[in-house]
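Report on the following structure.
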């Protein structure tokens with residue numbers, strides 16, 4: 001059984017984010033812009049639209065913040081990665097459950113994830129051989145190199161009240177049932193909007209489809 005993850009907050013979080021080439025100011029801007037965009041959805045949109053829009057804009061605005069600083073985008077097998085070769089880091093973005101941002105409970109990704117999510121988590125463990133099928137025409141770097149990059153996940157949760165919870169966390173391993181064990185969690189404080197009316201339900205999807213995961217072998 002793994003030890004409890006290191007949870008970093010406050011001033012210590014700013015210093016730790018700097019080690020990852022990130023700032024709390026960047027992440028707050030990303031969150032505020034994304035939820036403002038998602039709030040434009042109305043009842044005429046698909047029911048899952050606010051959640052889909054929020055996830056997509058979180059990803060887009062994070063990339064807009066980072067790419068000018070030397071980060072790049074990759075999409076191996078459809079996974080939306082943002083990576084920094086020099087720092088040896090790759091980042092995923094996902095919505096989280098009610099424990100996101102908690103200092104005592106362990107957050108989990110909200111929806112079932114595909115094999116690329118498992119692969120990314122595995123890269124923080126001893127290297128696994130995914131075979132020749134791992135090659136992807138959209139990947140402009142060697143897949144073996146991608147596996148050497150440390151995986152961090154931006155996990156967020158938005159509530160109708162205007163509260164927004166955000167953390168940048170490093171997974172240690174993923175269990176057979178899909179439960180993620182964390183090694184380190186950097187909790188970022190995001191200010192509330194006054195009278196913010198975010199229409200997305202707490203059970204919204206963070207992608208326009210669901211993926212059922214089956215572990216092979």
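Identify, please: which residue in the range 69-98 is free of Cβ contacts under 8 Å to residues at least 24 places away in the same chain and outside any loop (DSSP other than H, G, I, E, B) and is, among those, nearest to the chain's Cα centre (by Cα)? Only one residue fits best here, namely 82.
Selection of the range 25-65 for residues being crowded, with 20+ Cβ neighbours inside 10 Å, under 23 Å from residue 86 (Cβ atoms) and either in contact with a strand residue (DSSP E or B) (Cβ under 6 Å, 6 or more places away or on another chain) or free of Cβ contacts under 8 Å to residues at least 24 places away in the same chain (or both) yields 27, 59.
For residue 98, state whether it is out of contact with any helix residue (DSSP H, G or I) (no Cβ under 9 Å at 6 or more places or on another chain) and within 23 Å of residue 179 (Cα to Cα). Yes, satisfied. Residue check: residue 149 meets all listed conditions (1) farther than 17 Å from residue 21 by Cβ; (2) over 13 Å from the mean Cα position of the chain (by Cα) but one, namely (1). Among the residues of the range 1-10, those identified as within 11 Å of residue 186 (Cα to Cα) and not in a strand (DSSP E or B) are 5, 9, 10. Which one of the conditions (1) in contact (Cβ under 8 Å) with a residue 24 or more places away in the chain; (2) within 18 Å of residue 153 (Cα to Cα); (3) in a helix (DSSP H, G or I) does residue 106 fail to meet, given that it meets all the rest? Checking residue 106 against (1) in contact (Cβ under 8 Å) with a residue 24 or more places away in the chain; (2) within 18 Å of residue 153 (Cα to Cα); (3) in a helix (DSSP H, G or I), the one that fails is (3).
The rows are residues; the columns are (1) over 20 Å from residue 83 (Cα atoms); (2) modelled with pLDDT of 85 or more; (3) part of a strand (DSSP E or B); (4) in contact with a strand residue (DSSP E or B) (Cβ under 8 Å, 6 or more places away or on another chain).
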residue	(1), (2), (3), (4)
121	no, no, no, yes
124	no, no, no, yes
138	no, no, no, yes
153	no, yes, yes, yes
157	yes, yes, yes, yes
166	no, yes, yes, yes
184	no, yes, yes, yes
187	yes, yes, yes, yes
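Here residue 109 clears all of (1) surrounded by fewer than 20 Cβ atoms within 10 Å (Cβ to Cβ); (2) touching a strand residue (DSSP E or B) at 6+ places or on another chain (Cβ under 9 Å); (3) at pLDDT 55 or above except the condition numbered (1).
Could you please let me know if residue 84 is modelled with pLDDT under 90 and under 22 Å from residue 187 (Cα atoms)? Against the criterion (modelled with pLDDT under 90 and under 22 Å from residue 187 (Cα atoms)), residue 84 does not qualify. Candidates are the residues of the range 168-180 that are surrounded by fewer than 21 Cβ atoms within 10 Å (Cβ to Cβ) and under 20 Å from residue 13 (Cα atoms); the one that is modelled with the lowest pLDDT is 172.
The values are calculated or read from the model by the stated rules, or taken from the named source; none is laboratory data. What you see is a predicted model, and the numbers here were worked out from it, not measured in a lab. FYI the Cβ positions are ideal-geometry reconstructions off the backbone, even for glycines, and counts take in every protein chain you see.
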